[in-house]
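The values are calculated or read from the model by the stated rules, or taken from the named source; none is laboratory data. All figures in this text were calculated on a predicted structure; none of them were measured in a lab. Glycine gets a Cβ as well: all are built from the backbone with ideal geometry, and neighbour counts include every protein chain shown.
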Amino acid sequence: MINFIRNLSDKAEFIFVILVAFGFFTYAAVAHFLVSPGRIVQNDSSFWGLLVYETIALTVLVIFLRIRNYDFASLGLQFRWSDLLIAIGLYLACYALYIPSWIIYSHVFPDSAHQLAFTASARSQITLLPIVLVSILNPIYEELLVLGYVMQKLRSNKYIYLGLAVSIFIRVAYHVYQGPMALIFIFPVGLVFGVWYFYQERLWPVILVHMAMDFLGLYQLIE
């Protein structure tokens, strides 16, 4: 089995990693979008389920990539205290793109915008602990894979922006359950994160921003 894994092509490795990391999430997101776009069911069970899946998937992928002698140092996980200030700048940049996107959307599609603004998530029995844990694990999981792995794997001199484009596409795809918000908010976030990583190749500022966004968004669900 180890020799089989080591002898896989780079293309096979990429497909396996993406399917394990985001295949289920993308399938579920598309299925949810087709049934009830924009309305999200949130409760402790869904958060614990997410934590279990991401823990297992990340463990499997780390083992898989270690067997293939993947260079984890290339992901850019070196932390610096200046990352805290950079994270604030990236956070503001995300909203600098999101706010105009929302304004334009609300003018072009006022009825849809009004519905999005007042569509509450279906929720029950939400407590603080799973929200804190999700806000820590999920950003690390997503940015390691959709940003670090994808963009490093697809970086080339010939197709210089391919990794950036694929990273944004995958990010939007597994958030499509949010309906129009996948483009209004997730796309600008993916663009800001992707451009930063493309030029700096460092993940912690992006992970910190993602943690803040997840926690602030999920904390509002606590009744």
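One residue alone among Q115, Q125 is surrounded by fewer than 17 Cβ atoms within 10 Å (Cβ to Cβ) and either within 18 Å of L218 (Cβ to Cβ) or touching a Phe, Trp or Tyr at 6+ places or on another chain (Cβ under 6 Å) (or both), and that residue is Q125. Taking the stated definitions as given, is G194 touching a residue at least 12 places away in the same chain (Cβ under 8 Å), assigned to a helix (DSSP H, G or I) and small (G, A, S)? Yes; evaluated as a whole, the condition is true for this residue. Within the stretch 38-68, the set of residues being of a type outside the set (A, V, I, L, M), more than 30 Å from G179 (Cα to Cα) and touching a residue at least 60 places away in the same chain (Cβ under 8 Å) comprises R68 only. In summary, R202 fulfils each of the numbered conditions (1) part of a helix (DSSP H, G or I); (2) buried (at least 16 other Cβ atoms within 10 Å of the Cβ); (3) in contact (Cβ under 8 Å) with a residue 24 or more places away in the chain with the single exception of condition (1). There is no residue in the stretch 69-76 that is within 23 Å of L191 (Cβ to Cβ) and free of Cβ contacts under 8 Å to residues at least 40 places away in the same chain. From the residues in the stretch 1-49 that are among the polar types (S, T, N, Q) and in a loop (DSSP other than H, G, I, E, B), which one is surrounded by the most Cβ atoms within 10 Å (Cβ to Cβ)? The selected residue is S36. Let me confirm something: among V60, V52, which residue is out of contact with any Pro (no Cβ under 8 Å at 6 or more places or on another chain), at pLDDT 95 or above, assigned to a helix (DSSP H, G or I) and within 25 Å of A212 (Cα to Cα)? Every option except V52 fails the conditions.
In summary, A12 fulfils each of the numbered conditions (1) over 17 Å from the mean Cα position of the chain (by Cα); (2) small (G, A, S); (3) closer than 27 Å to L116 by Cβ with the single exception of condition (3). Residue pairs whose Cβ atoms lie under 6 Å apart, sitting 6 or more positions apart in sequence or on different chains, and linking a residue in the stretch 161-182 that is more than 10 Å from M151 (Cβ to Cβ) and modelled with pLDDT under 95 to a partner that is buried (at least 21 other Cβ atoms within 10 Å of the Cβ) and of a type in the set (G, A, S), are H175/A182; V176/A182. Of the helices (runs of 4 or more DSSP H) lying entirely inside the stretch 69-176, those carrying at least 3 residues that are of a type in the set (F, W, Y) are 82-108. Answer yes if at least one residue in the stretch 101-117 is at positive phi, within 21 Å of the chain's Cα centre (by Cα) and among the small types (G, A, S), and no otherwise. No: zero hits.
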